[in-house]
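To keep things clear, I will list the structure first and then write my remarks on it.
The values are calculated or read from the model by the stated rules, or taken from the named source; none is laboratory data. None of the values given here were measured: they were computed from a predicted structure. Neighbour counts run over all protein chains shown; Cβ positions are idealised from the backbone, glycine included. Side chains included, ligands, DNA and RNA excluded: accessible areas come from the protein's heavy atoms. Shrake-Rupley method; radii C 1.70, N 1.55, O 1.52, S 1.80 Å.
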Amino acid sequence: MALLLSSHVAGSRVGGSAQALALANFKIDPVHIPTVLYGRHPGWGAPGGAQVPIEAFEGMLDGVEANGLFGQIDLVITGYFASVEQVRAAGRAIEAVRGAPREGPMARKPYIVVDPVMGDAGKGLYVGADVARAIQDDLVPLADLITPNAWELQRMSSLDVRDPASAVRAARSMGRPALVSSVMRGAEIGVVFADKREAWLAAHQKVDNVPSGTGDLLAALFAAAMLEGQTPSYGLARAVGGLAETVAAAGIWQSPELPIVAMGAKIKNASPTVRMERLA
């Protein structure tokens, strides 16, 4: 079971709603606590909907906990937050999930993934500076894995992130395993995984007009591999492969959104177009 603390966007395949669809392919039940309720991704224009009030956000978490589900959560993924109060409530929920009693042969320590959704290259911050600071101060220290894009990693680490080698250095400075997206190398774009023991790059040719939500899908696919007990290198190859196949399908079908449901089992497979490279 996965606890998703992120946006719900009805008409776009982004945020926690996209992750819930992806995780279903791995037989992982989602428990989605939305931070905003939007009609479409803000990149399309006014999204419609609204931020979820903190009282409602905390109340949903209380209801899930009261039903005994925190002890069944194997995975937590955090994403987009609309307020500092939501970030702090998410931190308390993570601590409660970790402290919940676990019984039975399937019991396991929950895996905590923090996607520090703050902004992107060319756009800058698209959350408040106070929200970005709260994510870094309150959530990143709780993570078993962080999944920033290159711009977010550069902001958090205060180190230049311009290529795979510099992405590894910046990732390791954060003191926890990291999955770094949007790392450029020539005409290729890739994802770097780095922890204190090993580092890998999964790269493919850069394409234009990619739908929103790729970072959300990547985090879910990699997290699913970690729950299966796969190695980071295999998880990286499969996650980036599934993402690349989904992006390619969107281009072929001229889909403005990621076709997560239509791709189905395809997102569980590595792609031959993804090049794997071990980094120093």
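Inside the range 179-212, can you point out the residues that are in contact (Cβ under 8 Å) with a residue 60 or more places away in the chain, of a type in the set (G, A, S) and over 25 Å from W253 (Cα atoms)? Matches in the range 179-212: A194, A199. Taking the criterion of being open to solvent by 20 Å² or more (accessible area, probe 1.4 Å), closer than 22 Å to V140 by Cα and of a type outside the set (G, A, S), the residues of the range 59-83 that qualify are D74, Y80. A count restricted to the range 124-155 and to residues that are outside any loop (DSSP other than H, G, I, E, B) and either of a type in the set (K, R) or farther than 19 Å from Q86 by Cβ (or both) stands at 9. For the range 152-165, the count of residues that are touching a residue at least 60 places away in the same chain (Cβ under 8 Å), over 17 Å from the mean Cα position of the chain (by Cα) and farther than 21 Å from P42 by Cα is at least one. Criterion applied to G16, G45, G71 was being within 27 Å of G99 (Cα to Cα) and more than 21 Å from the chain's Cα centre (by Cα), and the one residue passing it is G71. When the residues of the range 211-236 are filtered to those that are open to solvent by less than 20 Å² (accessible area, probe 1.4 Å) and out of contact with any Ser or Thr (no Cβ under 8 Å at 6 or more places or on another chain), the one that is nearest to I112 (Cα to Cα) is A223. Look at the range 17-40: where a residue is on the phi > 0 side of the Ramachandran plot and of a type in the set (A, V, I, L, M, F, W, C), no partner that is open to solvent by 40 Å² or more (accessible area, probe 1.4 Å) and part of a strand (DSSP E or B) sits 6+ places away or on another chain with Cβ atoms under 7 Å.
Out of the residues in the range 162-205 that are polar (S, T, N, Q) and under 18 Å from M118 (Cα atoms), state the one that is least open to solvent (accessible area, probe 1.4 Å). Out of the qualifying residues, it is S181. Restricting A46, A56 to those that are farther than 22 Å from A220 by Cβ, surrounded by fewer than 16 Cβ atoms within 10 Å (Cβ to Cβ) and at pLDDT 95 or above reduces the list to A56. Restricting to the range 100-124, name every residue that is surrounded by 11 or more Cβ atoms within 10 Å (Cβ to Cβ) and either small (G, A, S) or free of Cβ contacts under 8 Å to residues at least 24 places away in the same chain (or both). Result: A100, A107, G119, A121.
Can you report the number of residues in the range 164-212 which are among the aromatic types (F, W, Y) and touching an Asp or Glu at 6+ places or on another chain (Cβ under 9 Å)? So the answer is 1.
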